[in-house]
Amino acid sequence: MPQDGRLVYQDEDGLLDLPPPALYGPHQYDNAALAIAAVRHFRLPVTTAQIEQGLRRVDWPARISRLEGRLTALQSAGQELWLDGAHNAHGAAALAAALAEMDRARPAPLVLILGMMNTRAPADFLAPFAGRVEKLFAVRIPGEINAHPAAAIEQAARAGGFDAEISRGIVSAVRAAAAIPQARVVICGSLYLGGHALARNGTPPR
């Protein structure tokens, strides 16, 4: 469990007072605790120092990642650009909770740039964001024949009460979002879209 930003883990083998995970979001404490539980349950040869190092150095592109690069150069002053590969209802709920935490620290209009595969329902993904989004830009994931058309995402968003419009792609959406002062812009809905965003930003996925 998190305590003052640290990760406190306890089981029958004792208590560990650990640094917070480098990945952003309250759900990452749960993910880290699960990994530690597996290490200790299976008696893997991993020391506490190695666990601490892993928590500090873990890097997972497109998991609530703050972007800096070509796309951010298109934004207006005071805006943020984030990327998350969440693509289902559970992932959306975790992302929404993390963004709510950000908003408590620095309130900002929330803008979503959303592209999804057609194996997922946009309405289910958007449910945790109801009433919290200033603007939504619907995009089709480039090069994916099984991606939702942008029009389908826009229609689902509008049906859910979101102010949504179709955009030609990520670049166009980021440019359009620049008109919303101090916005927190989040590209989300698919890891395929996440990879495309990293490439367009000049940070190819590892």
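Values quoted throughout were computed directly from the atomic coordinates according to the rules given, and no laboratory measurement underlies them. Here the structure is a predicted model, which is why all the values come from computation and not from measurement. No Cβ is skipped: glycine too gets one built from the backbone with ideal geometry, and neighbour counts run over all protein chains shown.
Of all beta bridges DSSP finds with both residues in the chain, what is the antiparallel percent, to the nearest 5?
Looking only at bridges with both residues in the chain, the antiparallel portion is about 40 percent.
State, as an integer percentage, the relative contact order of the chain based on alpha-carbon contacts under 8 Å between residues 6 or more apart.
After rounding, I find 24 percent.
I'd like to verify something in the chain: which complete DSSP H helices, judged by Cα projection on the helix axis, reach 20 Å or more and average at least -0.5 on the Kyte-Doolittle scale?
27-41, 89-105
Express the relative contact order of the stretch 2-57 as a whole percentage, based on alpha carbon pairs under 8 Å and six or more residues apart in sequence.
With pairs under 8 Å counted, the relative contact order is 32 percent.
Using a basic spin-label model with each label point 7 Å from the Cα along Cα→Cβ, how many nm lie between Phe42 and Ala93?
2.7
At 7 Å along the Cα-to-beta-carbon direction for both Asp103 and Ala123, put a label point, then send me their distance in nm to one decimal.
2.3
Express in nm, to one decimal, how much length is gained between Ala159 and Asp13 on full extension, taking 0.36 nm for each residue of separation and deducting their alpha carbon distance.
Contour length minus Cα-Cα distance gives 47.4 nm.
Can you compute the helix-only [θ] at 222 nm over the chain? Use -39500 (n - 2.57) per DSSP H run of at least 4 residues, normalise by all residues, nearest 500 deg cm²/dmol.
-11000 deg cm²/dmol
Which shape class, rounded, prolate or oblate, goes with the stretch 121-206 when its Cα gyration tensor gives a ≥ b ≥ c as root eigenvalues, a/c under 1.5 marks rounded, and past that a/b bigger than b/c marks prolate?
oblate
Between Asn146 and Glu52, what FRET efficiency follows from the Cβ-Cβ distance if R0 is 41 Å, with the result rounded to 0.05?
0.50
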